[in-house]
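Undergrad: Right, I'll just put the structure down here and ask away after.
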Amino acid sequence: MRRVPHTASRREELRPVLSPTPTPTPQHPLPDDSFPDIRSEQWRTPDTLGLDVNNQGQIFYFANDDKAETATTTATPQLRSNDYINKLAEVNEKQDTVKDHDDDDDDEDSPYDLVRCAVSNKDTPDMYSLTFRVWVLGIIFTGVLSFVNQFFFYRQNQLSLGGSVVQLLAFPAGYVLSRVLPTRQFTTFGYKWSMNPGPFNIKEHVLISIFATASSGSPYAIDVVTIKKIWYKSDLGFVASMLFILTSQLMGYSFAGLTRQFLVYPAAMIWPATLISVTLFRTFHEIQNFGSRLTRTRMFWMCFTGSFLWYFVPNFIAPALSYIAILCYIAPNNVIAHQLSDAYNGLGMLNFTLDWSTISSNMGSPIAYPWVMACNLFAGFVIVMWIITPIGYYSNTWGTGNLPIYTAHLFRANGSSYDIHQIMTPDQHLDLAKYAAYGPVRMTFQFAISYGIGFAAIITLLVYIGLHYGQEIYQRVRQSREMDEDIHMRLMRHYTEVPHWWYIALFIATFTTSIIICEVYHMMPWYWVVVSTVVPLVFTIPIGIIQAISNQQPGLNVITEFIIGYGMPGNPIANVTFKVYGYITMTQALNLVSDLKLGHYMKIPPRHMFIVQLAGTLLASFIELAVAYWLMNTVKNICTPEGYPFTCISANTFYSASVLWGLIGPGKLFGTTSPYHPVLYLFFVGALLPVPVWYLQRRYPTSAWQYVNVPVAISIAGAMPPMPAASIVNWFIGCFVFNYLIHKYRNTWWQRYAFSLSAGLDSGLAISGIVQFGLFAKTTMPAWWGSDANHCKLAASGGFMNRPKS
């Protein structure tokens, strides 16, 4: 699975996935003299035009030169958006250097203002795209991203490199290759090709990015492979694991391809998030900066070097700098102080960091998150973690006072660790007699209430979408059926489309293989594989329509967990396998549809898109599984506290979910006799939460209520646990510094360099971590104050009430 929002790093998806970015709308018209003259030069740098977000998370564009500096800070917001759109359209007309062969289409554009602002209505059908350079750079970036993201998936701070790094580095890399590769032509099986057909162009750039990010995040199926090997002691094996991962990843392609006519072709299906990428690509290739100021590429390498060197300090020399828990130093023997301040087993109060991985590894870079949306998210965190959790925990609700205040681990009623092998049969199913004798499973108050908030979140999101986007969705769906083809669809008619039978054949192959894998390795009966496939078959189009218009994706994970939890109680592996095929297949399909829409906007030949998506997924899946097995077989005590920093916080939570939803089952976990039964009523609470805020926003449209986003505020529950609480605190501080202070008072600098700085810090840290693993895998620092990464040891060892050791 690729690019989890915010998520950034990939975490266990127990609750609904929320995409917090609101539908972008153009803001702040710019005066005539704010735009530089654009010259038709081939080699262009991306410093003259860019994209920004205002304090409501809305997208707008800026001209990034000296005149534009005044324009972006003094533009009159009262001017109508249409004035801005017309102005930007004039600029785009100057910038377009690629001309369509049909002059009659020159003045025709998308019927939607947002698309007209970002997407060119021109194309050059004979522009080369799938070149030797694409293959070379695509393979390199895919290998690097897959290795890095899977490597850090098992670490305590789960850094993830995304598409922005590829977009930034592929541009200079492509330019260098165009200057050094030979231009000689070759003939292979009658096909003529060259290593260097000419200047590096925008279509190559897009294909490299899609190649590298098609499946560069750790696949969800690797969680299943990990818990089977580490916790359930039943290794699936490399070959079977490879087939399992490929079927779960590639099945999404078939759904993506078969839904193109509903989700990609209609102009009404905008997919707002893709417009950001479109703007960034066009900025790289269509804007010329003739100044001599610091370039974004140079900024990237400066930050890369600094991050690479500094990470030796908090990662190896002084790990204590990763989390500086003030309360634990003030009261080293006080359990409550440790619970309030600890990062991993506490609430993260007064816990700060000097480690960029702490800030960006879990939530992604704070620079990429709009300030007001970050405030909503942090407000939700404060309500859940600093208000609800202490009240429930210290009042001993559900008898959790003898457990840690915050963890995804499971316990017995007396507070000792829960050993699943005491309640399982030899074939790893629940033994009811043993379960009755051993006792029911217990979890912390925060873990239980986070499930309830997660239940509320999915209903809240659906109600929120209905209130805010219901009429628009209805109109867009009707327009998609009645509206004629827009200019972008007609331009794409120049290219040979991928036939449906390709996708049908891919579905048959993956579906058949998935049944074989599940039956041969006893993961799930074949008829449940059929049921799991029906779920994305039914929901891909309606949820895709919602995401294409509102940029919000309701998650199916709760639905799949309830279906298989009640259908096959007592079978943990079947539970997680069903969730992979039932939920992740749809998520992967919508990610791929989003990429197809990006290719549609950028006029990429569809068959070239199909090839790079498929090749990127195949290569990434192999590398990710190889890295996973390498680490699981070589790192001692991996996925345990003794294996620090390879503690697998996401895999630990995924394992706990497999026990709760699979081995125990929702019938026992949330039944009328269970202490956790009341959390089910939060489904009804979720339906009511957005209504008063929606009413106040309509009643007082200019008040502060317009900034409140309920789905974003409660979405944090979906990541707590396993996310360290202090990570959210420091991420918010970083967002305040970059996206409020610097964005407000040094806006031009932020526009030019913020994302280059973020990409440089992430990349340098990632490479430094890998280098240090190779250098110091068998070396430890001499013991001193800074070498101890945890100064809040009492938070994990027991509750505020007496708890036995085990």
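The values are calculated or read from the model by the stated rules, or taken from the named source; none is laboratory data. All values derive from a computational prediction rather than experimental measurement. Counting neighbours? That spans all protein chains shown, and the Cβs are built from the backbone with ideal geometry, glycine included.
Undergrad: Could you pull out every one of the helices (runs of 4 or more DSSP H) wholly within segment 560-648 that has 1 or more residues that are in contact with a strand residue (DSSP E or B) (Cβ under 8 Å, 6 or more places away or on another chain), surrounded by fewer than 21 Cβ atoms within 10 Å (Cβ to Cβ) and modelled with pLDDT under 90?
TA: none
Undergrad: Go through segment 121-139 and count every residue that is farther than 13 Å from Val612 by Cα and outside any loop (DSSP other than H, G, I, E, B).
TA: Number satisfying all stated conditions: 0.
Undergrad: To continue, here is another question. Is segment 569-585 home to any residue that is over 24 Å from Gly671 (Cβ atoms) and among the aromatic types (Phe, Trp, Tyr)?
TA: Within segment 569-585, one or more residues are over 24 Å from Gly671 (Cβ atoms) and among the aromatic types (Phe, Trp, Tyr).
Undergrad: In segment 315-368, which residue that is touching a His at 6+ places or on another chain (Cβ under 7 Å) and either acidic (Asp, Glu) or farther than 30 Å from Ser756 by Cα (or both) is surrounded by the fewest Cβ atoms within 10 Å (Cβ to Cβ)?
TA: Tyr329
Undergrad: Can you tell me which of Thr780, Thr748 is β-branched (Val, Ile, Thr) and in a loop (DSSP other than H, G, I, E, B)?
TA: Thr780
Undergrad: Please go through (1) surrounded by fewer than 21 Cβ atoms within 10 Å (Cβ to Cβ); (2) of a type in the set (Phe, Trp, Tyr); (3) under 27 Å from Ile336 (Cβ atoms) for Phe411 and return the number of the only condition it doesn't satisfy.
TA: Among (1) surrounded by fewer than 21 Cβ atoms within 10 Å (Cβ to Cβ); (2) of a type in the set (Phe, Trp, Tyr); (3) under 27 Å from Ile336 (Cβ atoms), the lone unmet condition for Phe411 is (1).
Undergrad: Of all residues being assigned to a loop (DSSP other than H, G, I, E, B) and modelled with pLDDT of 80 or more in segment 157-188, which is farthest from the chain's Cα centre (by Cα)? Just the residue, please.
TA: It comes out as Arg184.
Undergrad: Asn157 fails exactly one of the following numbered conditions: (1) over 30 Å from Ala789 (Cβ atoms); (2) touching a residue at least 12 places away in the same chain (Cβ under 8 Å). What is the number of that condition?
TA: Looking at each condition in turn, Asn157 falls short on (1).
Undergrad: Could you please give the count of residues in segment 321-349 that are touching a strand residue (DSSP E or B) at 6+ places or on another chain (Cβ under 7 Å) and part of a loop (DSSP other than H, G, I, E, B)?
TA: Residues in segment 321-349 being touching a strand residue (DSSP E or B) at 6+ places or on another chain (Cβ under 7 Å) and part of a loop (DSSP other than H, G, I, E, B): 3 in total.
Undergrad: Working only within segment 719-762, note down all residues that are surrounded by fewer than 24 Cβ atoms within 10 Å (Cβ to Cβ), among the small types (Gly, Ala, Ser) and within 30 Å of Thr407 (Cα to Cα).
TA: Selection gives Gly734 alone.
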